[in-house]
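Participant: Below you will find the structure I want to go over with you.
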Amino acid sequence: ASTLGAAAAEKGRYFGAAVAANHLGESQYASTLNTEFNSVTPENEMKWDAVESSRNSFNFGAADQIVNHAQSRGMKVRGHTLVWHSQLPGWVSGLGTSDLRSAMNNHITTVMQHYKGKIHSWDVVNEAYQDGNSGARRSSPFQDKLGNGFIEEAFRTARAADPNAKLCYNDYNTDGQNAKSNAVYNMVKDFKARGVPIDCVGFQSHFNSNSPVPSDYQQNLQRFADLGVDVQITELDIEGSGTAQADNYRRVVQACLAVSRCTGITVWGVTDKYSWRASGTPLLFDSNYNKKPAYNAVLTALGGT
Ligand code: G3I
């Protein structure tokens, strides 16, 4: 295979990219996406502020554009994200407890039913834990008003809304074993023990010199898989350039391939031109859409040529 998507498919995985609807009209952007990737994640278009900026008034325009683009080309779609403290419209934070509960459940149900049958995996809850050594939950309207049970409630609502979608918990700085990943691990273990629906854990994998690819990356993915969930690398990008960057990308791909329940990898953008890391070069294609050494490392690690 000579593309990332085709090579990953031969290994039983998908290889995706985060996509912004407003770049789909740029021919090099679209042709790179269409040629190389077989899964997409809307980078911002499915977030709460994009789809429900005022209460119970839903706008799926930009997200639909991405989903239609993907579906008409046989690409899978990851849903990102239903319940998150960021990119949350002000009206949500202003609600009292019982209104917030019904707004959360209504949001999950309406968005998931709109895309029923079109999304392979949903990030149901995103980034609910704090960084650092506490292993504690992060303060958010959901945490502060609904308490620890909000994650479980969100997953139960999500299962009812689209029983065929894989339901993921997604976070960053959980890529190696540490207090934060231990807290997520314990939550998943508890959910599996009590029959709370959860199918997958997303490891964002935003790496840079302060947060390098952990030495126990594969081991950490494996311990989650051993709980009986799939694992996915959901927002991969790695700062740097040249051989060092390529080596890090290779390690990530090799770790996923070594874990049978690691079902796919998504990089957080198509090209350095539009990376969320404004001045960075963390992706596989440079800002002129040339393949970088990291691209070749990934393709080779996937068994492609
Ligand atoms: O759409 C508005 C536009 O109307 C306005 O004029 C402009 C002015 O700033 O802002 C635009 O919104 C920006 C939006 O991206 C769309 O481009 C926001 O300011 C900007 O903050 C937002 O950044 C996104 C960020 O999430 C916000 O949290 C990034 O694109 C996106 O890559 C990033 O993705 C997150 C994942 O969802 C979760 N994990 C971490 C990851 C990286 O931060």
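The values are calculated or read from the model by the stated rules, or taken from the named source; none is laboratory data. Since the model is a prediction, treat every value here as computed from it, not as a measurement. Cβ coordinates were reconstructed from backbone atoms using ideal geometry, including for glycine residues, and neighbour counts include every protein chain displayed.
Participant: Among V201, V270, which is at pLDDT 95 or above, within 16 Å of the ligand (Cβ to nearest atom) and closer than 19 Å to S121 by Cα?
Facilitator: On the way: V270 fails: closer than 19 Å to S121 by Cα.
Exactly one of V201, V270 is at pLDDT 95 or above, within 16 Å of the ligand (Cβ to nearest atom) and closer than 19 Å to S121 by Cα, namely V201.
Participant: Additional query: Is it true that K76 is more than 14 Å from the ligand (Cβ to nearest atom), within 20 Å of D123 (Cβ to Cβ), of a type in the set (D, E, K, R) and touching a strand residue (DSSP E or B) at 6+ places or on another chain (Cβ under 9 Å)? Spell out the reasoning first.
Facilitator: On the way: more than 14 Å from the ligand (Cβ to nearest atom): yes; within 20 Å of D123 (Cβ to Cβ): yes; of a type in the set (D, E, K, R): yes; touching a strand residue (DSSP E or B) at 6+ places or on another chain (Cβ under 9 Å): yes.
Judged against the criteria, K76 is a match.
Participant: Restricting attention to region 83-96, and to residues there that are in contact with a Phe, Trp or Tyr (Cβ under 9 Å, 6 or more places away or on another chain) and away from the ligand (no atom under 12 Å from the Cβ), which single residue is nearest to V267 (Cα to Cα)?
Facilitator: This residue is V83.
Participant: Could you check how many residues of region 141-197 are aliphatic (A, V, I, L, M) and out of contact with any strand residue (DSSP E or B) (no Cβ under 8 Å at 6 or more places or on another chain)? Spell out how you get there, then give the answer.
Facilitator: Initially, region 141-197 is screened for residues aliphatic (A, V, I, L, M), giving 146, 151, 154, 158, 160-161, 165, 167, 179, 183-184, 187-188, 193, 196.
If we keep only those that are out of contact with any strand residue (DSSP E or B) (no Cβ under 8 Å at 6 or more places or on another chain) too, we end up with 146, 160-161, 179, 193, 196.
Within region 141-197, residues that are aliphatic (A, V, I, L, M) and out of contact with any strand residue (DSSP E or B) (no Cβ under 8 Å at 6 or more places or on another chain) number 6.
Participant: Next question, about the same structure. Could you go through region 39-60 and let me know if any residue there is closer than 20 Å to N296 by Cα and either modelled with pLDDT of 95 or more or within 12 Å of the ligand (Cβ to nearest atom) (or both).
Facilitator: Yes, region 39-60 has at least one match.
Participant: Something else about it: What number of residues in region 171-183 are within 16 Å of the ligand (Cβ to nearest atom) and farther than 14 Å from Q222 by Cα?
Facilitator: Filtering region 171-183 down to residues within 16 Å of the ligand (Cβ to nearest atom) leaves 171-175, 180-181.
Checking which are farther than 14 Å from Q222 by Cα leaves us with 171-173, 180.
Qualifying residue count, region 171-183: 4.
Participant: Which members of region 44-64 meet the condition of being in contact (Cβ under 8 Å) with a residue 24 or more places away in the chain and under 15 Å from I119 (Cβ atoms)? Let's see the steps before the verdict.
Facilitator: The initial filter retains those residues of region 44-64 that are in contact (Cβ under 8 Å) with a residue 24 or more places away in the chain, namely 44-56, 58, 60, 62-63.
If the condition is that a residue be in contact (Cβ under 8 Å) with a residue 24 or more places away in the chain and under 15 Å from I119 (Cβ atoms), then E45, M46, K47, V51, F60, A63 are the ones that fit.
Participant: Just checking, which of D175, D162 is closer than 19 Å to R261 by Cα and either at pLDDT 95 or above or of a type outside the set (D, E) (or both)? Explain how you work it out, then say what you get.
Facilitator: On the way: D162 fails: closer than 19 Å to R261 by Cα.
Just one listed residue meets the conditions, D175.
Participant: When you check G264 against the structure, is it in contact with a helix residue (DSSP H, G or I) (Cβ under 9 Å, 6 or more places away or on another chain) and surrounded by fewer than 23 Cβ atoms within 10 Å (Cβ to Cβ), yes or no? Steps first, answer last, please.
Facilitator: Working: in contact with a helix residue (DSSP H, G or I) (Cβ under 9 Å, 6 or more places away or on another chain): yes; surrounded by fewer than 23 Cβ atoms within 10 Å (Cβ to Cβ): no.
Spelling it out, it is not the case that G264 is in contact with a helix residue (DSSP H, G or I) (Cβ under 9 Å, 6 or more places away or on another chain) and surrounded by fewer than 23 Cβ atoms within 10 Å (Cβ to Cβ).
Participant: Here's something else I'd like to know. Checking the structure you have, find out if any residue of region 223-236 is within 12 Å of the ligand (Cβ to nearest atom) and touching a residue at least 40 places away in the same chain (Cβ under 8 Å). Show your work before the answer.
Facilitator: Step one: of region 223-236, the residues within 12 Å of the ligand (Cβ to nearest atom) are 234-236.
Still in the running and touching a residue at least 40 places away in the same chain (Cβ under 8 Å): 234-235.
Checking region 223-236: at least one residue is within 12 Å of the ligand (Cβ to nearest atom) and touching a residue at least 40 places away in the same chain (Cβ under 8 Å).
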